[in-house]
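The values are calculated or read from the model by the stated rules, or taken from the named source; none is laboratory data. Being a predicted model, the structure only gives us computed values, none of them experimental. As a convention, Cβ positions derive from the backbone with ideal geometry for all residues, glycine included, and neighbour counts pool all protein chains shown. Keep in mind that these areas ignore ligands, DNA and RNA; they rest on the heavy atoms of the full protein, side chains included. Shrake-Rupley method; radii C 1.70, N 1.55, O 1.52, S 1.80 Å.
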Amino acid sequence: MMEEDMENGRSYQERPRTFSTIRSKSSIPLVFRLLMRINPRALIILSLLVFSGVLYVGASTSPIVVFVFCICTLSLFFSLYLTKWVLAKDEGPPEMSEISDAIRDGAEGFFRTQYGTISKMACILAFVILGIYLFRTTTPQQEASGLGRATSAYITVASFLLGALCSGIAGFVGMWVSVRANVRVSSAARRSAREALQIAVRAGGFSAIVVVCMAVFGVAILYSTFYVWLGVDSPGSMKVTDLPLLLVGYGFGASFVALFAQLGGGIYTKAADVGADLVGKVEQGIPEDDPRNPAVIADLVGDNVGDCAARGADLFESIAAEIISAMILGGTMAQRCKIEALFVIADPSGFILFPLVVHSFDLVVSSVGILSIRGTRDPGLISPIEDPMSIMQKGYSITIMLAVLTFGVSTRWLLYTEQAPSAWLNFALCGLVGIITAYAFVWISKYYTDYKHEPVRLLALSSSTGHGTNIIAGVSLGMESTALPVLVISVAIISAYWLGQTSGLVDESGNPTGGLFGTAVATMGMLSTAGYVLTMDMFGPIADNAGGIVEMSQQPESVREITDVLDAVGNTTKATTKGFAIGSAALASFLLFSAYMDEVASFAQIPFKEVDIAVPEIFVGGLLGSMLIFLFSAWACSAVGKTAQEVVNEVRRQFIERPGIMDYKEKPDYGRCVAIVASASLREMIRPGALAIISPMAVGVIFRILGHSTGQPLLGAKVVASLLMFATVAGILMALFLNTAGGAWDNAKKYIETGALGGKGSESHKAAVTGDTVGDPFKDTAGPSLHVLIKMLATITLVMAPIFL
């Protein structure tokens with residue numbers, strides 16, 4: 001066929017393009033395939049029965065839980081509306097659909113293989129956790145409530161597996177919508193920039209609402225089930241204030257899956273991107289996403305598995321970890337203040353369930369923010385391209401204003417107590433501190449990564465004097481960008497702690513006890529707009545994919561201009577979400593660290609309130625924690641480099657062996673690059689992931705043995721606390737540096753591609769491409785993985801605390 005076309009003077013460019021199918025079997029998860037076989041009426045009846053059962057369990061627990069279930073259910077219906085609205089849009093001409101199909105096949109095929117590998121590792125770890133809990137000692141509280149070792153073990157393992165499952169589903173939802181929305185955004189860009197923006201935002205909104213909904217639903221169902229099953233608060237059973245500690249396994253399961261999803265997806269997307277850019281842009285001088293580049297489909301597939309699926313799992317894990325840590329601290333504070341014993345009006349479940357209510361309102365306010373972004377009234381009207389960032393900022397401002405109001409309502413409803421009548425107002429102010437912190441993080445990230453501001457323009461200017469000066473400027477920008485976020489986090493933690501301490505809540509001895517809960521409330525405030533922030537994040541890869549489809553299907557330049565603007569804004573929104581994620585990770589880790597110290601104290605029956613780094617062993621633990629961050633980042637970046645080398649060699653081979661590719665006379669083998677990147681990323685994600693899981697356990701056990709031989713019973717737990725503390729601090733700084741430097745390099749390149757400093761193909765552009773290549777593993781592999789690593793270290797130490805004593 002190819003020979004006949006060439007004889008007749010036709011190129012494959014003039015023929016309908018077809019792309020090799022990459023998947024070999026259905027990539028729809030087994031659960032969904034089984035549900036699709038059920039009769040629709042039977043499925044509706046089954047759903048009603050399940051919902052009724054859930055409501056019954058919720059009603060048996062607390063009216064607050066029923067409220068949470070109702071809001072989550074309504075939000076799921078809203079997400080279905082968004083899905084229907086997006087999928088009703090047209091897919092454009094056949095060449096667009098064919099490219100989109102190839103991207104979808106590759107993304108879903110890799111997702112199936114990747115999560116198959118992760119699920120096997122999760123099952124192995126579940127057996128390890130089961131073994132540890134079956135042979136560990138029990139706390140006095142568990143003995144008093146009759147909760148034996150076996151019950152505790154099965155509860156922790158079930159929580160871990162449910163958290164892992166929900167995290168996987170969150171990732172699947174993120175990827176599912178992105179691979180279907182990309183082509184619809186491409187098609188809409190032929191008509192209107194505003195319509196393309198609206199489709200991308202609503203598609204991202206669907207994923208965001210489902211992710212937040214699942215995080216809240218999962219924790220609420222676990223809490224209610226354990227409450228009813230264990231007969232909480234009945235005579236001789238567990239107290240409600242101790243119940244949240246049983247949920248820690250859920251957070252660990254979510255972190256475990258998110259870490260490997262982020263690593264595998266990040267390695268995939270950036271190896272393909274680096275390989276495509278180095279050979280395509282630098283060596284061959286062809287545009288980004290050009291159909292002649294053999295790695296272009298792998299690059300577009302990577303946007304979905306690395307940015308959408310992995311970020312969905314990442315934010316799910318962030319919200320789950322924050323909810324659980326705040327519930328633990330709320331229960332601890334209620335217990336110390338004797339709220340349950342002294343006051344009828346002050347129900348301790350209000351302090352415990354407060355995080356679930358906050359995120360229920362998050363679903364409502366984020367939905368309003370998503371709907372506030374509308375298309376043009378006249379679809380046929382050709383209007384000038386508006387700034388998509390300013391449009392989304394307006395939506396974010398609406399979401400924040402509503403979040404402030406709903407947060408105040410939540411604190412008055414659930415945190416009012418006669419013991420301290422004005423405490424709720426202090427906690428409302430803590431929430432306001434968190435909301436302001438979130439806005440500050442979004443603004444700081446935007447300032448350092450948007451090419452409308454000076455830092456990125458100076459970085460672009462440095463490209464005019466060569467590759468070396470571009471790298472130097474990018475590294476210095478990344479280092480500088482750590483200062484403002486750290487100052488903001490510091491002010492937020494101290495302000496929230498002080499507001500909590502002065503709330504009027506005191507323990508039996510008259511000592512203030514609300515400080516840590518104040519920081520927990522601030523963390524909730526920061527994440528009270530998580531749904532809309534995740535929407536902005538999901539917008540980025542959808543817009544990026546849309547630009548690739550437009551370029552590959554060779555649409556008019558005016559269409560590509562629209563998708564280029566959306567893509568550049570998408571880079572900024574992704575960078576702001578990463579800043580938001582690392583800020584919330586810092587606050588959540590601080591809370592989990594406190595919960596870890598409380599759990600160790602309850603197991604050991606010895607007070608554990610401080611960690612003295614002047615003790616040599618504990619100082620060594622801190623060094624090991626800092627080293628862990630650098631070694632993990634090095635291995636993650638190295639994995640991208642190794643995989644990218646394979647891609648570069650393959651793309652060079654195809655250009656040499658198929659010289660007709662550059663003249664559109666021969667077609668590249670896209671499937672070969674996809675296969676190389678998929679297998680390599682799955683292989684390379686194991687080493688850094690295993691390092692993160694094994695290190696804290698190995699350090700804790702080794703120093704436990706050392707402590708036993710030297711008469712220091714808490715040495716293992718203290719060294720692990722030091723490791724956790726130093727790893728959190730180093731991880732925050734490293735993640736800020738990597739995320740911001742990578743995003744700035746990418747947008748400096750985008751700025752030059754708008755025509756500045758010589759435009760595409762100039763020497764400045766080539767230097768900027770080099771900087772972007774260096775920044776790719778920074779911002780999309782190592783940086784985002786550190787968000788998850790920080791929180792996973794905190795949850796794994798909580799779950800594994802018994803083996804350190």
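When the residues of segment 83-107 are narrowed to those that are more than 28 Å from the chain's Cα centre (by Cα) and part of a helix (DSSP H, G or I), which ends up surrounded by the fewest Cβ atoms within 10 Å (Cβ to Cβ)? If we take residues in segment 83-107 being more than 28 Å from the chain's Cα centre (by Cα) and part of a helix (DSSP H, G or I), then 94 is surrounded by the fewest Cβ atoms within 10 Å (Cβ to Cβ).
Checking segment 481-489 against the condition returns no match, with no residue being within 16 Å of residue 751 (Cβ to Cβ), hydrophobic (A, V, I, L, M, F, W, C), out of contact with any Cys (no Cβ under 6 Å at 6 or more places or on another chain) and part of a helix (DSSP H, G or I). For segment 134-156, the count of residues that are open to solvent by less than 50 Å² (accessible area, probe 1.4 Å), out of contact with any Ser or Thr (no Cβ under 8 Å at 6 or more places or on another chain), under 30 Å from residue 267 (Cβ atoms) and not charged (D, E, K, R) is zero. Pairs are defined by a Cβ separation below 6 Å, a sequence spacing of at least 6 or placement on different chains, a first member in segment 421-434 that is crowded, with 23+ Cβ neighbours inside 10 Å, and a second member that is among the aromatic types (Phe, Trp, Tyr) and modelled with pLDDT of 90 or more; the pairs so defined are 431/407.
Modelled with pLDDT of 85 or more and open to solvent by less than 10 Å² (accessible area, probe 1.4 Å): is that true of residue 361 in this structure?
On the way: modelled with pLDDT of 85 or more: yes; open to solvent by less than 10 Å² (accessible area, probe 1.4 Å): no.
So residue 361 does not fit the description; no.
Have a look at 524, 536, 597 and point out the one that is touching a Phe, Trp or Tyr at 6+ places or on another chain (Cβ under 8 Å) and surrounded by fewer than 24 Cβ atoms within 10 Å (Cβ to Cβ). Before you say what the answer is, go through the steps one by one.
Values: 524 fails: surrounded by fewer than 24 Cβ atoms within 10 Å (Cβ to Cβ); 536 fails: surrounded by fewer than 24 Cβ atoms within 10 Å (Cβ to Cβ).
Exactly one residue qualifies, and that residue is 597.
Between residues in segment 278-290 that are at positive phi and residues that are modelled with pLDDT of 75 or more and among the charged types (D, E, K, R), which pairs lie under 8 Å by C-beta distance while being six or more apart or on different chains? Pairs that qualify, where the first residue is at positive phi and the partner is modelled with pLDDT of 75 or more and among the charged types (D, E, K, R), are 289/299; 289/551.
Could we say that residue 581 is in contact with a His (Cβ under 8 Å, 6 or more places away or on another chain) and either more than 18 Å from residue 730 (Cβ to Cβ) or buried (at least 16 other Cβ atoms within 10 Å of the Cβ) (or both) here? Yes, satisfied. Please work out which residue is farthest from residue 676 (Cα to Cα), limiting yourself to segment 616-660 and to residues that are out of contact with any Cys (no Cβ under 9 Å at 6 or more places or on another chain) and polar (S, T, N, Q). Filtering segment 616-660 for residues that are out of contact with any Cys (no Cβ under 9 Å at 6 or more places or on another chain) and polar (S, T, N, Q), the one farthest from residue 676 (Cα to Cα) comes out as 626.
In summary, residue 452 fulfils each of the numbered conditions (1) charged (D, E, K, R); (2) closer than 27 Å to residue 535 by Cα; (3) open to solvent by 80 Å² or more (accessible area, probe 1.4 Å); (4) part of a helix (DSSP H, G or I) with the single exception of condition (4). Name the single residue that is modelled with the highest pLDDT among those in segment 254-284 being closer than 23 Å to residue 659 by Cβ, among the charged types (D, E, K, R) and open to solvent by 10 Å² or more (accessible area, probe 1.4 Å). Checked segment 254-284; the qualifying residue modelled with the highest pLDDT is 283.
Tell me whether segment 285-293 contains one or more residues that are crowded, with 24+ Cβ neighbours inside 10 Å and part of a helix (DSSP H, G or I). Checked segment 285-293: no residue is crowded, with 24+ Cβ neighbours inside 10 Å and part of a helix (DSSP H, G or I).
Here segment 44-82 is the region considered, the condition is being among the small types (Gly, Ala, Ser) and surrounded by 15 or more Cβ atoms within 10 Å (Cβ to Cβ), and the residue that is farthest from residue 374 (Cα to Cα) is 62. Could you tell me whether residue 472 is open to solvent by 70 Å² or more (accessible area, probe 1.4 Å), within 30 Å of residue 763 (Cα to Cα) and part of a helix (DSSP H, G or I)? Here the answer is yes, as residue 472 does meet what is asked.
A quick yes/no check of all residues on (1) over 19 Å from residue 584 (Cβ atoms); (2) open to solvent by 20 Å² or more (accessible area, probe 1.4 Å); (3) at pLDDT 85 or above; (4) in a loop (DSSP other than H, G, I, E, B):
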| residue | (1), (2), (3), (4) |
| --- | --- |
| 443 | no, yes, yes, no |
| 460 | yes, no, yes, no |
| 495 | no, yes, yes, no |
| 516 | no, yes, no, no |
| 520 | no, no, yes, no |
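Annotation: residue 554 fulfils all but one of (1) farther than 30 Å from residue 717 by Cβ; (2) crowded, with 24+ Cβ neighbours inside 10 Å; (3) not charged (D, E, K, R); the unmet one is (2).
In this structure, does residue 303 turn out to be within 15 Å of residue 169 (Cα to Cα) and in a helix (DSSP H, G or I)? Working first, answer last.
Working: within 15 Å of residue 169 (Cα to Cα): no; in a helix (DSSP H, G or I): yes.
Answer is no for this residue.
Restricting to segment 216-252, name every residue that is surrounded by fewer than 20 Cβ atoms within 10 Å (Cβ to Cβ) and of a type in the set (S, T, N, Q). Correct list: 225, 234, 237. Only one entry of 611, 677, 699, 640 meets the criterion of being touching a residue at least 24 places away in the same chain (Cβ under 8 Å), part of a loop (DSSP other than H, G, I, E, B), open to solvent by less than 60 Å² (accessible area, probe 1.4 Å) and among the β-branched types (Val, Ile, Thr), and that entry is 611.
Pairing residues of segment 759-780 that are free of Cβ contacts under 8 Å to residues at least 12 places away in the same chain and over 17 Å from residue 284 (Cβ atoms) with residues that are of a type outside the set (Phe, Trp, Tyr) and part of a helix (DSSP H, G or I), at Cβ distances under 8 Å and at least 6 apart in sequence or on separate chains, gives 759/752; 759/753; 759/765.
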